[in-house]
Amino acid sequence: MSPELRHILSEDELALVSEKDNIKAALTLLFDWLFIAFLFALASEMTNPITLFIVTLLLGGRQLALEIIVHETGHNTFFSSKKVNHLAGTWLSGYWVFSDKESYMKNHHKHHAACGTADDPDLKNYKSYPISNASFFRKVTRDLTGEIGLRRLKSITLSFLNLKNLSKRKKQVLIRSLLCNFLLLLILGAIGSTWLYLLWILAFMTSHMCISRIRQVGEHAAVPSNMSDDPRLNTRTIYVNIFEKILVVPHDLNYHLEHHLFPAAPIYRLKTLHNLLLSKGYYEGIKFTKGYINLYRQVVINEN
């Protein structure tokens, strides 16, 4: 937690924004899976190019949402129980998108500790911004054509072929991820729509990669100073509309500045934390980006 917050927020306010709510956590996770089921049903009932495009796009957003659950449970801020957090971050989310919670959090904790310095392990992903329009669209094109996703699938395949040489934990994560995906294939096959699994893989290789990139750019790219130790200058919170919320930043992920200020705050408390700090003048002089179109204008150089 940023030391300043102890002087700005009262003990009651700190308790409020750090309180875990098992019902909210469960409903968040349930919403993701119901949304995924709805998208599969929509594709099955309305099988046409437009619907399939929309479903693939939105499935990529839900895959990111599952990764957010991995992130939250890795911080142990989602459910009150560590055991339930572990279950939610593995069998109920991470394994379905080949996400290794332990490996992810090892790197992510370093990101939190070193954000605003040259030692930030994620700095390479956004230090070059703002970039040219041509460069940005090359990156997005590689995502949407599956070039980056294909590398990910190749990595998964090579890991499987090299299974006997993997560490016990990595072997366990890979096998369980494959089991979850095989289960999804069986479930879709049981309802006579095995082909829908191709949409899951297609989304994983395309829209998911693109959305993940845009999300990361929104959090730290072209900020006032990515070499400042002040989170208000090295991290961004974005005000979003409902479409952006569903597709790019589910579960209030857009309040990323607040997450860096207070990592112990559950994601479903970040908006409350933002409003508290706003009301106390902590963000005086800070400009919050309104939407991803305005973000694009900040991270891409106008070449005209």
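The values are calculated or read from the model by the stated rules, or taken from the named source; none is laboratory data. Everything quoted here is computed from the prediction, not taken from an experiment. We place every Cβ from the backbone using ideal geometry, glycine too, and count neighbours over all the protein chains shown.
Details
- Filtered by the rule that a residue be under 17 Å from Asp230 (Cα atoms), exposed (fewer than 14 other Cβ atoms within 10 Å of the Cβ) and either without any contact (Cβ under 8 Å) to a residue 12 or more places away in the chain or in contact with a Cys (Cβ under 8 Å, 6 or more places away or on another chain) (or both), the stretch 81-123 gives Ala113, Asp119.
- With respect to the conditions (1) free of Cβ contacts under 8 Å to residues at least 40 places away in the same chain; (2) within 15 Å of the chain's Cα centre (by Cα), Leu247 lacks only one, and its number is (1).
- Restricting the stretch 2-18 to residues that are assigned to a loop (DSSP other than H, G, I, E, B) and in contact with a helix residue (DSSP H, G or I) (Cβ under 7 Å, 6 or more places away or on another chain), the residue that is surrounded by the most Cβ atoms within 10 Å (Cβ to Cβ) is Leu9.
- Of the numbered criteria (1) farther than 22 Å from Cys210 by Cβ; (2) in contact with a helix residue (DSSP H, G or I) (Cβ under 6 Å, 6 or more places away or on another chain); (3) of a type in the set (Lys, Arg), the one Arg62 fails is (1).
- With respect to the conditions (1) surrounded by 22 or more Cβ atoms within 10 Å (Cβ to Cβ); (2) in contact (Cβ under 8 Å) with a residue 60 or more places away in the chain, Pro263 falls short on a single one, namely (1).
- Residues that are of a type outside the set (Lys, Arg), part of a helix (DSSP H, G or I) and over 23 Å from the mean Cα position of the chain (by Cα) within the stretch 148-165 comprise Thr157, Leu158, Ser159, Phe160, Leu161, Leu163, Asn165, listed in sequence order.
- For the stretch 172-188, the criterion of being surrounded by fewer than 15 Cβ atoms within 10 Å (Cβ to Cβ) and either of a type in the set (Gly, Ala, Ser) or at positive phi (or both) is met by no residue.
- Filter pass, Thr51 being surrounded by 14 or more Cβ atoms within 10 Å (Cβ to Cβ) and in contact (Cβ under 8 Å) with a residue 24 or more places away in the chain: no
- Among residues of the stretch 274-297, those that are closer than 19 Å to Val217 by Cβ and assigned to a helix (DSSP H, G or I), counted: 6
- Residue count for the stretch 141-155 satisfying the condition of being of a type outside the set (Asp, Glu) and either on the phi > 0 side of the Ramachandran plot or surrounded by 14 or more Cβ atoms within 10 Å (Cβ to Cβ) (or both): 9.
- Screening the stretch 121-138 for residues that are over 18 Å from the mean Cα position of the chain (by Cα) and among the charged types (D, E, K, R) and picking the one that is modelled with the lowest pLDDT gives Lys127.
- The residues of the stretch 19-37 that are closer than 16 Å to Trp96 by Cβ and surrounded by 13 or more Cβ atoms within 10 Å (Cβ to Cβ), listed by number, are Thr28, Leu29, Phe31, Asp32, Trp33, Phe35, Ile36.
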